[in-house]
Amino acid sequence: MCGIVAYIGKKEAYPIIIKGLKRLEYRGYDSAGVALLNKGEINLYKRQGKVSNLEEFAQSQDLDGFAGIGHTRWATHGPPNDINAHPHMSTSGHIALIHNGIIENYNSLREELKSRGYVFKSQTDTEVLVHLIDDIQKQEQVDLVEAVRLALLSVIGAYAIVVLSTENPNQLIAARKSSPLVVGIGKDNDFFLASDATPIIEYTNQVVYLEDEEIAIVDLNEGLKIINIGHNLEKTPYVQALELQLEALEKGGYEHFMLKEIHEQPRSIRDCFRGRLNATEGWVSLGGVKDYEQKMIQAQRIVMIACGTSWHACLVGEYLMEDLARINVEVEYASEFRYRNPIIGENDVVIAVSQSGETADTLAALELAKSKGATILGICNVVGSSISRITDAGSYTHAGPEIGVASTKAFTAQVTVLTLLALSLAHKKGTISETKFRTMLSELEAIPEKVKRVLERNDDIEAIAAIYKDATNALYLGRGSSFPVALEGALKLKEISYIHAEGYPAAEMKHGPIALIDEEMPVFVIATKGTSYEKVVSNIQEVKARKGKIIAIVTEGDEDVKAMADHVIEIPDTDEHLVPLLATVPLQLLSYHIAVMRGCNVDQPRNLAKSVTVE
Ligand code: G6P
């Protein structure tokens, strides 16, 4: 988390940095700050809260400067306030630094620096780095680049940093380990640095993704230089052309990014399977992982690792792969997997699923699996992200940039890729009949149109939202692959509207949550036609018997559940395996409307960040 952005060149740095920070605000919005280099001095502006607070505060000040750094924070060490906001400065005022990540040994470094007379203003781990660099420069009499390098050698933890200094006004120094950093090479001999490419895309599509343990020096006279932190060896930068479109980063007439992204799903799902399936010819092909399919078929098991919403997508994937391809699948929280000394070896395939491709726990879990000899694959949305680069192979979800912190279109795209994968493996393995295979391909092709039809029910869904907006608790129930949908529905509600919500396998309700049910409790049930339909209907009866309020997601034309439920939301009929792609959508809309009605900040819910780059 935390977003960093920096600029050096012939343009005024401040407007570029502020705009960039707004694009990166999804990474954290506890505070924001900029440092600008002007006439040999660094001017620093920091404010608790959103970037707009900083803008307001800074507007009447001296904002000149052709070099600057900016930061939007998701607090880890020290509460969100003006002092703990980045950038942090050396005592002399010669160095300013921004940081995304965690310096794990900051306490011992801090004590050591204190004993040498350094005075700390903030409670952050980051301030340690500034003083450490300053100290090394003084002790060792080395230039700033070398001081940064030596400082990073003594640091344990994760970082993406950018250093601005009065010593060399033509230069910015950046470095990364475990936290992402992109260098943009401008058309005007200028340079951009950012946590992701979104602040850069407007100015250039030429970028270099910094690798772990590398330092990038951008210098107006000498250009871009990359060195390795450990060996101090220089390497030739690998410049890539970005394909990101600027319009994809705008709200496009919608009130919130989340609403736009919910409505984009017919397109994003289609983009996800475009060129990867053909129902008429009867084939499915995921180019990126094709060479690893045999390995997956023969694997002892497939372990899927993820966090948050992506973990829910994995659960759907588990149902699909086990049922269609008859492959043993386990789904793990990345954060648990990595610290559990998991039994994993060469015969295992580990698939990481991640929208951002940067989630610290998922990344670390993958690295662990790799070190134990497993084949590691990735399903990511962000092109060029860390996970996509360290995996043996992978598939992109092609959902386009997702800005709303609560994941929507990325989830359905992940489920789409996992469906394609399950179908492809099942077909190769012969565990699916040709007729069933072709029917499912046609059904999948029809999903975008069916999602459109679900979206057309927006007004009905909004009316239901108005009835339950003041609830304090909510229960979500589903069975089979609708159980992860229930989990995802509950997560969406709690993330953005702060209503306590729990997702449960419908039958498990009897083992606890049923005690909570009374006339105040809305219970959202996915009760579409399929294997468990009758069982779910019984569960609905159990809730009704306790006077709970039932809001059921049902298959179009279902009159039975309609007769029992307080409200129904109909979704088009589809193959049972594809229900998650449709049933999730009304739950997203419900949460969205409830959050808006409660006056919540839908795109930037409190305490959350989109990209969790700390463990
Ligand atoms: C955060 C986001 C979630 C996301 C999760 C995993 O918690 O707020 O929306 O599902 O991280 O992120 P990833 O990028 O790995 O999918």
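Nothing in this text is a laboratory measurement; each read-out follows from the coordinates by a stated rule. If you're wondering where the values come from, they're calculated on a predicted model, not measured in any experiment. Backbone-built Cβ (ideal geometry, glycine too); neighbour counts: all protein chains shown.
Couple of notes before you dig in:
- Net dipole in debye of the chain [+1 Lys, Arg Cβ; -1 Asp, Glu Cβ; about Cα centre; nearest 20]: 280 debye
- Relative contact order computed over the range 192-272 (Cα-Cα under 8 Å; 6+ residues apart), in percent: 23 percent
- Table column - 3J(HN,Hα) (Hz), the range 305-313, Karplus curve with 6.51, -1.76, 1.60, x for Gly and Pro: 10, 5, 9, x, 4, 4, 5, 5, 4
- Cut-off 18 Å, label 7 Å out along Cα→Cβ of Glu346, residues of the range 352-373 by amide N: 369-373
- Relative to the longest principal axis of the Cα atoms of the chain, the long axis of helix 482-497 makes an angle of roughly 50 degrees.
- Given +1 at the Cβ of Lys and Arg, -1 at the Cβ of Asp and Glu and no other charges, the dipole of the range 122-207 around its Cα centre is 260 debye to the nearest 20.
- Residues of the range 556-585 falling in the label zone of Lys547, defined by backbone nitrogen less than 20 Å from a point 7 Å along Cα to beta-carbon, are 564-567.
- Placing dummy labels 7 Å off each Cα toward the beta-carbon, the span from His511 to Asn473 is 1.9 nm.
- Computed from the C-beta positions of Glu434 and Arg274, the FRET efficiency with R₀ = 30 Å rounds to 0.80.
- For Glu570, distant residues with modelled amide H under 5 Å away: Val554
- Computed FRET value (nearest 0.05) for Trp283 with Ser92, which takes r as the C-beta separation and R₀ as 45 Å: 0.10
- Summarising the amide proton neighbourhood of Asp82: residues at separation of 5 or more, or on other chains, whose placed amide H is nearer than 5 Å comprise Gln48.
- Cross-link table Lys11/Lys187; Lys46/Lys260; Lys295/Lys428; Lys39/Lys114; Lys177/Lys225, entries beyond 23 Å C-alpha to C-alpha: Lys46/Lys260; Lys39/Lys114
- For the range 144-210, alpha-carbon Rg relative to the globular expectation (2.2 N^0.38 Å, N residues): 1.18
- Phi-based couplings in Hz for the range 132-143 (Karplus 6.51, -1.76, 1.60; Gly and Pro marked x): 5, 4, 4, 5, 4, 4, 5, 5, 8, 6, 10, 6
- Antiparallel bridge percentage (DSSP; both residues within the chain; nearest 5): 60 percent
- Gain in span if fully extended, Leu224 to Ser442, counting 0.36 nm per residue against the direct Cα distance: 73.5 nm
- Cα shape, the range 1-138, gyration tensor, a/c 1.5 rule: oblate
- Segment Glu247-Lys562, length gained on full extension (0.36 nm per residue, minus Cα span): 109.2 nm
- Per-residue Karplus couplings for the range 572-584, computed as 6.51 cos²θ - 1.76 cosθ + 1.60 with θ equal to phi - 60°, are listed in order as x, 5, 7, 4, 3, 5, 9, 3, x, 5, 9, 5, 5 Hz, Gly and Pro entered as x.
- Helix 409-429 vs. the chain, principal-axis angle (Cα, 0 to 90°, nearest 10): 60 degrees
- Length gained on full extension, Lys138 to Asp291, computed as 0.36 nm times the residue gap minus the Cα-Cα distance: 49.7 nm.
- Net charge dipole size for the range 384-488 [Lys, Arg +1 and Asp, Glu -1 on Cβ; Debye, nearest 20]: 420 debye
- Amide H partners (placed H, <5 Å) of Ala352, local residues excluded: Ile305, Leu377, Gly378, Ile379
- Pairwise centroid distance, computed over Cα atoms, of the range 182-223 with the range 441-500, Å: 40 Å
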